[in-house]
Ligand code: AHG
Ligand code: MN
Ligand code: MN
Ligand code: MN
């Protein structure tokens, strides 16, 4: 494998394929540096004062972990002065963050889940950062309305996983590439090119403790998988659930699988558990760019017209043939 750094990869993408411009390249570089800083903060763990609760709630009604707040701050500070952004929005902030007047503004909108899987942080299990990039519609102020664009409008999406290694997974709408953080050199190096998700799988990821709250199509699908060789699928399936979406999606990117956080009667009023704009959309873009599928059970997630920044959706994504099967069960 050629050892190509993220910086070189981005410059070559800009030069040869013209898929990105200088501002988008800067944006991705800055986000990757912020992820590096988050990775370092996470790595200090119990030696620094970064674990545990921050003692505040976010707009989702969740208790914020210190690292939710720290990661949000790192991303905001890294991105506000470069001149590449019109605005930012985050899981941890009710309203979009305007670029301070003392800095120039750019044409892009950045959305992020600064720390995904934060319930895992205190038990030393993989967590991550998810991000999505949109263009600010011309002539529009970067307020909430400017952000409300369907996932098909994303110009770039990615996530970092802080696991045994720190990885950055990126799509510019031209396939999916994986970069590994070289901790000694302090840079990301391309380690997997044009990743493809196998179309078939025998592995599923769902929080089965919610089983009694699911809708009938999901009940039917999971029951068929659990029946294994003795059921209609005539083969055994294996289950995995990390409870960090980044880690579950990354496993699917590497070896296939289906990830589901379906609608259930507990989250029905909110529309689901996961958030459309900074969890479902960027992950759907990556999964689809890798040959997988992503739906809310009925329609492609990327086609949903968002109505609010923190809108929630049911999420079913991963290996094409399994996602199509569950979606067909919903549409019957
Ligand atoms: P976040 O930590 O950003 O709030 O997201 C948590 C999400 C997601 O990462 C994961 O798939 C899911 O919540 C886990 O939910 P359960 O605890 O209900 O299994
Ligand atoms: Mn949260
Ligand atoms: Mn999350
Ligand atoms: Mn989060």
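Summary table below
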| item | result |
| --- | --- |
| Residues satisfying the stated conditions in the stretch 222-272, i.e. in contact (Cβ under 8 Å) with a residue 60 or more places away in the chain, in a loop (DSSP other than H, G, I, E, B) and within 16 Å of residue 120 (Cβ to Cβ) | 242, 243, 244 |
| Counted residues, the stretch 107-150 - those being assigned to a loop (DSSP other than H, G, I, E, B) and near ligand 3 (Cβ under 10 Å from one of its atoms) | 1 |
| Qualifying residue in the stretch 35-45 (condition: modelled with pLDDT of 95 or more, surrounded by 14 or more Cβ atoms within 10 Å (Cβ to Cβ) and under 29 Å from residue 137 (Cβ atoms)) | yes |
| Subset tally (residues that are under 10 Å from residue 312 (Cα atoms), more than 12 Å from ligand 1 (Cβ to nearest atom) and in a loop (DSSP other than H, G, I, E, B)) for the stretch 273-300 | 0 |
| Residue within the stretch 187-208 that is closer than 21 Å to residue 267 by Cβ, in contact with a helix residue (DSSP H, G or I) (Cβ under 6 Å, 6 or more places away or on another chain) and not in a strand (DSSP E or B) present | no |
| Per-region count, the stretch 124-141, residues modelled with pLDDT of 95 or more and more than 16 Å from ligand 4 (Cβ to nearest atom) | 6 |
| Members of the stretch 52-82 that are touching a strand residue (DSSP E or B) at 6+ places or on another chain (Cβ under 9 Å) and more than 20 Å from residue 34 (Cβ to Cβ) | 52, 53, 55, 56, 57, 60, 63 |
| Any hit, the stretch 39-48, residues being free of Cβ contacts under 8 Å to residues at least 12 places away in the same chain, in the same structural domain as residue 159 (by TED's automatic domain parsing), within 23 Å of residue 113 (Cα to Cα) and not in a helix (DSSP H, G or I) | yes |
| Qualifying residue in the stretch 94-111 (condition: farther than 19 Å from residue 26 by Cα and within 16 Å of ligand 2 (Cβ to nearest atom)) | yes |
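The values are calculated or read from the model by the stated rules, or taken from the named source; none is laboratory data. Because the structure is a prediction, the values reported are computed rather than measured. A quick note on method: Cβ atoms are made from the backbone with ideal geometry, for glycine too, and the neighbour counts reach across all protein chains shown.
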